[in-house]
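The values are calculated or read from the model by the stated rules, or taken from the named source; none is laboratory data. Computed from a predicted structure; not experimentally measured. Positions of Cβ are generated from backbone atoms using ideal geometry, with glycine treated the same way; all protein chains shown enter the neighbour counts. These accessible areas exclude ligands, DNA and RNA; they are computed on the full protein's heavy atoms, side chains included. Shrake-Rupley method; radii C 1.70, N 1.55, O 1.52, S 1.80 Å.
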Amino acid sequence: MARITSARVIVTCPGRNFVTLKIETDEGVYGIGDATLNGRELAVASYLEDHVIPCLIGRDAHRIEDIWQYLYKGAYWRRGPVTMSAIAAVDMALWDIKGKLAGLPVYQLLGGAAREGCMVYGHANGSDIAETIERAHEYLEQGYKAVRLQSGVPGLAATYGVSGERFYYEPAKGSLPDETLWSTSKYMRHVPELFARGRDALGWDIHLLHDVHHRLTPIEAGRLGKDLEPYRLFWLEDATPAENQAGFRLIRQHTTTPLAVGEIFSSVWDAKQLIEEQLIDYIRATVVHAGGITHLRRIAALADLYQVRTGCHGATDLSPVSMAAALNFGLSVPNFGIQEYMRHTAETDEVFPHAYSLSNGLMHPGDKPGLGVDIDEALAAKYEYKRAYLPVNRLEDGTMWSW
Ligand code: EZ4
Ligand code: CO
């Protein structure tokens, strides 16, 4: 028995906003969990403070599955990103506590290492193709085995995935959402050229990935996948919005380019048909937005039956706490595919000291008991929350579109 004596939410903004849950026990051990939902941070903070924390006090922190079920079924209103991020934070913190009490890193509790490390991919973003390729070379030099190519599209002022920063990409900003313009035809003409030149310059020993960011219809996505076949992508991500899971049948009928989807999914139900019909190759659901390690294992177990592998979201809005949890999960799960990794800023890394490391394109969670990540609360307190929004996107005639 490790009785939960208190829990609190820590909101901090070391360059970007993060919401962290800290749970304390009468065993003198605490755990932390990430609850960050980019652009809607305070909704999760309130969900935790106003509704979840009162239900946690006095419970046995060891009973991870029971607490998960209690919070999921007990809310009556199931699923959704706010609820599932709050449950995820509790779940991560409880695994952290269990690991610390056992004196073992969490991956050992999940069955131990199933591989030497987790292959990660970095982001090469450029305002044009030449700049994207230049950035990709930097990743190759650092030993990365996989890199995502995104480039500005001629004729469009702003494109998803491209920023002025060299290594950091942070789309959330401003006191109101930025508005960007989108043209499917300009984009569809440009991307095959990006990968043709990318392969020429980078060769065939590196995995190349691309994120469409939900901008195409299924038939357009089928066409793009087909056009990209000669360049053998590791995956084409979020080719179309996935609310209609059956829509992916159309893409599948037209291309052998592997498909990844699911960074905005909050539960296994968002992916059930996609997985069971083998409409995707990689599931991008993450520990923080899809109910924690406990639920992500359930998603991965279903996916494993259908040869779908994991490819968890890992942009900078997933805090180092999520990265630590993702790596403990990824090291131990049988059907690991790849893990996204975007470096956090030095300020963020200072607030969240962590044991995970990157070497030769593989990341390892380290061997500290628990998740292997902490929060420096005194430092966190110095960075006040700043409201920030993800951008919105319109077609050139003003029609609202997916960002
Ligand atoms: O737009 O994390 O694959 N990565 C992505 C990210 C998402 C942001 C949203 O908060 O699509 O860059
Ligand atoms: Co994405």
Query raised in the report: Can you tell me how many residues in segment 182-198 are surrounded by fewer than 17 Cβ atoms within 10 Å (Cβ to Cβ) and farther than 30 Å from residue 398 by Cβ?
Result: 1
Query raised in the report: Has segment 333-344 got at least one residue that is at pLDDT 95 or above, in contact with a Lys or Arg (Cβ under 7 Å, 6 or more places away or on another chain) and hydroxyl-bearing (Ser, Thr, Tyr)?
Result: no
Query raised in the report: Among the strands (runs of 3 or more DSSP E) confined wholly to segment 1-100, which include 3 or more residues that are open to solvent by 40 Å² or more (accessible area, probe 1.4 Å), farther than 18 Å from residue 264 by Cβ and not aromatic (Phe, Trp, Tyr)?
Result: 4-12
Query raised in the report: Based on what the data block shows, is residue 264 within 14 Å of residue 216 (Cβ to Cβ) and either open to solvent by 20 Å² or more (accessible area, probe 1.4 Å) or touching a Pro at 6+ places or on another chain (Cβ under 6 Å) (or both)?
Result: no
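Test residue 179 against the criterion of being in contact with a strand residue (DSSP E or B) (Cβ under 6 Å, 6 or more places away or on another chain), open to solvent by 30 Å² or more (accessible area, probe 1.4 Å) and of a type in the set (D, E, K, R), and give yes or no. Break it down into steps so the answer makes sense when it comes.
Values: in contact with a strand residue (DSSP E or B) (Cβ under 6 Å, 6 or more places away or on another chain): yes; open to solvent by 30 Å² or more (accessible area, probe 1.4 Å): yes; of a type in the set (D, E, K, R): yes.
Yes: the conditions hold for residue 179.
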Requested in this report: Name the single residue, out of those in segment 313-334 being assigned to a loop (DSSP other than H, G, I, E, B) and more than 16 Å from ligand 2 (Cβ to nearest atom), that is nearest to residue 87 (Cα to Cα).
Outcome: 319
Query raised in the report: Among the numbered criteria (1) under 21 Å from residue 393 (Cα atoms); (2) within 16 Å of ligand 1 (Cβ to nearest atom); (3) modelled with pLDDT under 95, which single criterion is violated by residue 167?
Result: (1)
Requested in this report: Report yes if some residue within segment 157-164 is in a helix (DSSP H, G or I) and under 22 Å from the mean Cα position of the chain (by Cα); otherwise report no.
Outcome: no
Query raised in the report: Considering segment 345-374 alone, what residues qualify as being crowded, with 24+ Cβ neighbours inside 10 Å and closer than 23 Å to residue 170 by Cβ?
Result: 351, 352, 373
Query - Within segment 297-315, tally of residues that are open to solvent by less than 10 Å² (accessible area, probe 1.4 Å) and within 16 Å of ligand 1 (Cβ to nearest atom) - result: 4
